[in-house]
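Step one of this worksheet: look at the structure below.
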Amino acid sequence: MQGNADNFTVVIFGANSDLAARKLFPSLYELSKWGHLPGEYRIIGVGRSLLTHEEFRHQVHQKLTTLSPETVLDEQHVNKFSSRLFYVSLDLADSEGYHDLYKELMDVSPESGLGEHILYYLSTPPDLAPIIVKNLDLAGLGEQHDSQGGWRKIIVEKPYGTNLQTARQLNSAIGAVFNEERIFRIDHYLGKEPVQNIMVFRFSNGIFEPLWTRHYIANVEITIAEDFGIRDRGAFYDAAGLLRDIIQNHALQLLAAVAMEPPVDLSADSVRDEKAKLLRSIRPFKSFDVEKSVVLGQYEGYRSEKNVAQDSTVETFAAVKFYIDNWRWKDVPFYVKAGKNLSQTMTKIVITFKCPPQNYFGPAESCSYIANQVVFCIQPDETIALRFGAKRPGEAVITDPVYMKFDYKTSFTEAGMTPYHRLLLDAVNGDQMNFIRQDSVEYSWAIIDSIRETVNGMTPETYPIHSNGPESAGSIYS
């Protein structure tokens, strides 16, 4: 996979953020080292701190060495990478400061292309996005100021708003400065190898796609569990909650990947068309659905976390039963469970098939025990497993479930790219397949808004740290 032939500049707003230190700079460094970036490129960090270019380079070097020591063993290349780093100090809300950024961007020879091809990355709180894009436009740095043959693109981190109304406002604000084909809404889950392999698994294997319907599948379960709490994100989390932090983006994107219809082709628009259609087909929630379809929880001690209200009713766990009202999935339940401070960190998708109409082999085991399953494990292991019945050793003919498993690490010798490697390179190359389109963002928020409206006033059930969540979570499976 090769990078774009055009030389370009990456501008990272929030260059002193944790995301930039842990993900962006290590990924850009390795992409450069592996030869995926063009011969000439620049990285301009933007932040409030008053730093010279040299101080910024030293700071990035220190963070690379501390946070990603395994990636920076080649000191010669680290120095070469550092020479591509520059810094502009500005108040993001002050439009006048963007003229300094303009000068830094354009202080290059026209033939280099470094001032014509610009990728903006907003590693900032989402409420700053409209301010940044407006000021970029005022300073002559928006897309409409492209010269012929140049490009200007923007990567936006989640969350994309806090509800449907704010998501539309955010889309409108960014869309006033950048066309949709130049906007890259990033969700790092979509850059993971196992997630990308869901579509390959479905559409390249003739034995599975004919069975991928309500006629053969009993249910689908998606679990996104973390064995840690909110860490230092108290202020954000107590305003957002798990429904908005995890279900709206990661969970619904995984659901869309599993349930989407086959695309017309593998173009970004065709794939994203099918995902949008799927999200639009999810049944809205009504007040009478709550008791059977939604369970919320809050881990013990959450209210004692820093920057969390002592009487907070924000959820740190959610179990939700979705239905998709289309021809393929009518009345098949999709169970989504996600939470903080659970027993383990794990992301997994389990597709459970219907049982044979009659069990000939041994005692009448429950269907949940003997049913065939396809299991996509996304983290911590990256595997795909098929569960099927096999005879237990001995005289009696009794069926036990066994697994055939595919493991990325043992099956492929070459190391795959991390999500940020892949997604940064995709954005440079203009490939939007693994980014979220405006309509999908709004359909997802409409779903979450309908859930939040129905659970308004519901007190989350307290659950012990490192447990499996609230005891009542199992009620959604009935």
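Just so you know, all these numbers are worked out from the coordinates, no wet-lab data involved. Computed from a predicted structure; not experimentally measured. Using ideal geometry, Cβ is built from the backbone for each residue, glycine included, and neighbour counts are taken over all protein chains shown.
What is the extension gain from residue 91 to residue 381, computed as 0.36 nm multiplied by their sequence separation minus the C-alpha to C-alpha distance, in nm to one decimal?
On the way: separation 290, 0.36 × 290 = 104.40 nm, distance 4.21 nm.
100.2 nm is the gain from fully extending residue 91 to residue 381.
DSSP loop (so not H, G, I, E, B), at most 16 other Cβ within 10 Å: list which trypsin sites (Lys or Arg not before Pro) in the range 421-478 pass both filters. The qualifying sites: there are none.
So, by mean Cβ neighbours within 10 angstrom, what's the order for 153-159, 345-351 with the highest one leading? Before the final figure, lay out each step's value.
On the way: 153-159: 21.4, 345-351: 18.7.
Highest to lowest by the protection proxy: 153-159, 345-351.
When the listed pairs 192/409; 23/80; 23/103; 23/158; 306/340; 275/321 are checked against a 23 Å cut-off, the alpha-carbon distance exceeds it for 23/103.
Estimated at 0.36 nm per residue, the fully extended path between residue 404 and residue 390 surpasses their Cα-Cα distance by 3.9 nm.
Positive contributions from Lys and Arg (+1) and negative ones from Asp and Glu (-1), summed over other residues with Cβ under 9 Å from the Cβ of residue 221, come out at +2. Each label was represented as a point 7 Å from its Cα along the Cα-to-Cβ direction; for residue 128 and residue 99 these points are 2.2 nm apart.
For the chain, averaging the sequence separation of C-alpha pairs within contact (under 8 Å, six or more residues apart) and dividing by the residue count gives a relative contact order of 17 percent. Output the relative contact order of the range 87-190, whole-number percent, from Cα pairs under 8 angstrom with separation of 6+ residues. Relative contact order, the range 87-190: 28 percent. Normalised Debye scattering of the range 257-321 at q = 0.12, 0.15, 0.17 Å⁻¹ gives log10 I(q)/I(0) of -0.58, -0.72, -0.77, counting only Cα atoms as equal scatterers and leaving out solvent.
So, R0 is 25 Å and r is the distance between the beta-carbons of residue 207 and residue 472; what FRET efficiency does that work out to, to 0.05?
On the way: r = 38 Å, r/R0 = 1.52.
Step by step, r from the Cβ atoms, then E = 0.05.
Distance between the 7 Å Cα→Cβ label points at residue 74 and residue 53: 2.3 nm. Distant-in-sequence amide contacts of residue 11, defined by a placed amide H-H separation under 5 Å and a gap of 5 or more residues or a different chain, comprise 44, 119, 120, 121.
Please report 463, 360 as a ranked list, fewest other C-beta atoms within 10 angstrom at the top and most at the bottom.
Values: 463 23, 360 7.
Neighbour counts put them in this order, fewest first: 360, 463.
Restricting to DSSP H runs of at least four residues, report the calculated mean residue ellipticity at 222 nm for the chain, -39500 (n - 2.57) per run over all residues, nearest 500 deg cm²/dmol. Rounded to the nearest 500, it is -8500 deg cm²/dmol. Each residue of the range 343-349 was assigned a 3J(HN,Hα) from its phi angle through the Karplus expression (A = 6.51, B = -1.76, C = 1.60, θ = phi - 60°), giving 5, 7, 8, 6, 10, 8, 10 Hz with x at Gly and Pro. Structural size metrics of the range 130-286, computed from C-alpha coordinates, are Rg and Dmax of 18.7, 57 Å.
For the range 132-178, a Kirkwood radius taken over Cα pairs fed into Stokes-Einstein (10 °C, viscosity 1.306 mPa s) yields D = 137 µm²/s. Cα to Cα, under 16 Å, and not fewer than 8 places away if on the same chain: which lysines meet these conditions relative to residue 354? Straight-line reach from residue 354, under 16 Å: 330.
Distances between placed amide hydrogens fall under 5 Å for residue 379 paired with 347, all partners being 5 or more residues away or on another chain. For the chain, the Stokes-Einstein estimate of translational diffusion at 37 °C and a viscosity of 0.692 mPa s comes to 135 µm²/s, using the Kirkwood hydrodynamic radius over alpha-carbon pairs. Hey, if you drop one equal point scatterer on each alpha-carbon of the range 8-157 and run the Debye formula without solvent, what base-10 log of I(q)/I(0) do you get at q = 0.09, 0.17, 0.20 Å⁻¹? Here the Debye-derived log intensity ratios amount to -0.26, -0.97, -1.33.
Give the calculated FRET efficiency between residue 359 and residue 429 to the nearest 0.05, with a Förster radius of 30 Å applied to their Cβ-Cβ distance. Spell out each step's value before the answer.
Values: r = 52 Å, r/R0 = 1.73.
Calculated value: 0.05.
Spin-label model, residue 270/residue 453: points 7 Å from Cα along the beta carbon direction are separated by 3.6 nm. If R0 is taken as 22 Å, the Cβ-Cβ distance between residue 462 and residue 163 corresponds to a FRET efficiency of 0.25. A simple count of charges around residue 337, restricted to other residues whose Cβ falls under 13 Å of its Cβ and scoring Lys, Arg +1 and Asp, Glu -1, yields 0.
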